[in-house]
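These notes concern the structure reproduced below.
The values are calculated or read from the model by the stated rules, or taken from the named source; none is laboratory data. Please read these numbers as outputs of a predicted model, since none were measured by experiment. Quick reminder, even Gly has a Cβ in these numbers, built from the backbone with ideal geometry, and neighbours come from all protein chains shown.
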Amino acid sequence: MKTGKVFLVGAGPGDIGLLTLKGLEAIQKADVILYDRLANPKLLEFSKDNCELIYCGKLPDRHILRQNHINELLVAKALEGKTVVRLKGGDPGVFGRVGEEAAVLAGYQIPFEIVPGVSSGMAVPLYAGIPVTHREYAESFAVVTAHDKSADGKPLLNWKSLQGVDTIAFYMGVGNLPFICENLLQHGKPAETPVIMIQWGTFSRQKTLQGTLANICAKAAAENFSNPAIILVGDVVSLREKISWFEKKPLFGRQILLARTGIGPSRLAKFLMDQGADVIEFPKWTRIPQRVDLSSIYAYDEIVFSSPESVTEFFEAVQAASIDIRTITADFLGASIKTIKALNEQGFLAQRFDHLPQTGNVLVVGDESIRNKYVGVDCLVTSRKELDRQFLPILKRMLEEADVNTVVFPCSASVDPVFQVLKECGIDTSQFLNKIQVVAKGERTLSALADAGLNGAVAPETSTNEALIKVLTDKCPIEVSSP
């Protein structure tokens, strides 16, 4: 059997937009992905449907997979002939142990590539409004590990050499903060030197705590500040007041659970993230294509598409059957705005479908759920949609680490799946949804939520994304504090 290949990929600090194109390509072609806790799990959604996902997450007090086991898995999967991605937060060459893993692969003569990532020590401060260098404040910069293999876990550093460094970024050092401050003070740093701690940097749940070497320990203890965090020391921290930008986005601090019914990328999710929100799309679906018989396609006066995916699947089937789309004379209708947009992209000016017509031959196209929804008309089932259960533990872990404060239901069809899958994840649906803000995009969705026993949801005045932003900022304010 031919040996596979391993890609050691930096996932960046959290914001999925900071993944490199080369990293994305590696994820898309991977047969196996071994991913760390600090690699944003949303990146896994770029993987193939049949990709094996293995969690290697580590916490300071426990290891899901120890390093030697990770090394063994990388070797074993590659020797099976598979394309393997080792997905690591930040840059794999900066405290990412990539050298150890690459050495093991080289020992087995397994081909590998190292794909650099955006380093947390530089990107996280920028998202807090702080460049690590500046002509007036900082002409030197150091990245330092704040824990190592020493017996007590305290870093064995040349503290004297750090005295002349203008900006110092300590990685994962909250537990050793008093030790860090004590040594910096003892080796010449002034007590008034500015310090900022940045937790979950580049995420919407980013939290900052600002002080000096003299008082940051007391502040961190009072706030119960914890990892993952970057500790930045230096005068350049003072620039934050002038050029802070990320926290000014309209949805900064908003952690949204977006109910998902589709399989492909969500434009709404992208829009919300662009406005500063963290978005967990829930649940994750996978598509099982079905064989399609188009022999009677010319007999219909109207063809109704139930979803954007149904449009893609229909045109794929038409092309596979070598049918000239111009020979199909039926009118095309879409069951939602997104579906109409998908038809528009195919070159059709489709109309909105509201109810089944009383006359004429009608065909409904979609996944197998249309058979129950559209009784009494012909249905063309192009796919079977299934819950991607491999993502259930991933989604559950995302919900545990995030502090979700908002749920958005984009349509009535999104209500039941969320209730069912939350229950399958062992989450009390009523308790979970009743303590956060619930937004429904439309009156039908409000009714569906009421039927499910959830009252108190709000809806924007129109179904536009701009109206959704307005209702989130005006009617559903949240408290965002950066001590």
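Within the range 210-222, no residue satisfies the criterion of being touching a residue at least 60 places away in the same chain (Cβ under 8 Å) and loosely packed, with under 14 Cβ neighbours inside 10 Å.
Name the single residue, out of those in the range 356-371 being under 19 Å from VAL381 (Cα atoms) and either assigned to a loop (DSSP other than H, G, I, E, B) or of a type in the set (S, T, N, Q) (or both), that is modelled with the lowest pLDDT. The extreme case among them is LEU356.
Here's the yes/no breakdown for (1) assigned to a loop (DSSP other than H, G, I, E, B); (2) under 20 Å from SER140 (Cβ atoms); (3) free of Cβ contacts under 8 Å to residues at least 60 places away in the same chain:
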{"residue": "LEU184", "(1), (2), (3)": "no, yes, yes"}
{"residue": "ILE196", "(1), (2), (3)": "no, yes, no"}
{"residue": "SER204", "(1), (2), (3)": "yes, no, no"}
{"residue": "THR208", "(1), (2), (3)": "no, no, no"}
{"residue": "LEU232", "(1), (2), (3)": "no, yes, no"}
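Is it the case that PHE409 is in contact (Cβ under 8 Å) with a residue 40 or more places away in the chain, outside the structural domain of TYR300 (by TED's automatic domain parsing) and aromatic (Phe, Trp, Tyr)? So PHE409 fits the description; yes.
The residues listed here are PRO190, PRO178, PRO131, PRO125; of these, the one that is crowded, with 18+ Cβ neighbours inside 10 Å and of a type outside the set (A, V, I, L, M, F, W, C) is PRO125.
Mind telling me which of the residues GLU45, GLU72 ends up being closer than 25 Å to ARG287 by Cα and out of contact with any Ser or Thr (no Cβ under 7 Å at 6 or more places or on another chain)?
Of GLU45, GLU72, the one residue that is closer than 25 Å to ARG287 by Cα and out of contact with any Ser or Thr (no Cβ under 7 Å at 6 or more places or on another chain) is GLU45.
Checked against (1) under 30 Å from ASP378 (Cβ atoms); (2) in the same structural domain as SER414 (by TED's automatic domain parsing); (3) of a type in the set (A, V, I, L, M, F, W, C), ILE280 passes all but a single condition, namely (1).
If you check ALA335 against the conditions, is it under 22 Å from LEU422 (Cβ atoms), surrounded by 22 or more Cβ atoms within 10 Å (Cβ to Cβ) and among the small types (Gly, Ala, Ser)? Criteria not met by ALA335.
Answer yes or no as to whether ARG37 is outside the structural domain of ILE394 (by TED's automatic domain parsing), surrounded by 20 or more Cβ atoms within 10 Å (Cβ to Cβ), touching an Asp or Glu at 6+ places or on another chain (Cβ under 9 Å) and under 27 Å from HIS147 (Cα atoms).
When the stated conditions are applied, ARG37 does not pass them.
Within the range 437-476, the set of residues being at pLDDT below 85 and either touching a strand residue (DSSP E or B) at 6+ places or on another chain (Cβ under 6 Å) or under 14 Å from ALA277 (Cβ atoms) (or both) comprises LYS475, CYS476.
Checking each residue in the range 253-286 for being farther than 22 Å from VAL421 by Cα and among the hydrophobic types (A, V, I, L, M, F, W, C) picks out PHE271, LEU272, MET273, ALA277. Filtered by the rule that a residue be of a type in the set (Lys, Arg) and either assigned to a helix (DSSP H, G or I) or buried (at least 17 other Cβ atoms within 10 Å of the Cβ) (or both), the range 400-445 gives LYS423, LYS441, ARG444. If you check LEU65, LEU59, LEU38 for being of a type outside the set (Val, Ile, Thr), under 19 Å from PRO393 (Cα atoms), at pLDDT below 95 and more than 22 Å from the chain's Cα centre (by Cα), only one passes: LEU65. Checked against (1) under 30 Å from PHE432 (Cβ atoms); (2) among the small types (Gly, Ala, Ser); (3) out of contact with any strand residue (DSSP E or B) (no Cβ under 8 Å at 6 or more places or on another chain), ALA277 passes all but a single condition, namely (3). For ILE280, the criteria (1) within 15 Å of LEU363 (Cα to Cα); (2) under 26 Å from the mean Cα position of the chain (by Cα) hold in every case but one, which is (1). Would you check if GLY153 is at positive phi and either in the same structural domain as LYS77 (by TED's automatic domain parsing) or modelled with pLDDT under 90 (or both)? Here the answer is yes, as GLY153 does meet what is asked. Inclusion of ALA330 among residues that are of a type in the set (A, V, I, L, M) and touching an Asp or Glu at 6+ places or on another chain (Cβ under 6 Å) is warranted. The requirement of being in contact with a His (Cβ under 7 Å, 6 or more places away or on another chain), over 30 Å from LEU272 (Cβ atoms) and either in a strand (DSSP E or B) or not charged (D, E, K, R) (or both) is not satisfied by VAL165. Is at least one residue of the range 46-62 in contact with a strand residue (DSSP E or B) (Cβ under 7 Å, 6 or more places away or on another chain), at negative phi and charged (D, E, K, R)? Yes: the range 46-62 contains one or more residues that are in contact with a strand residue (DSSP E or B) (Cβ under 7 Å, 6 or more places away or on another chain), at negative phi and charged (D, E, K, R).
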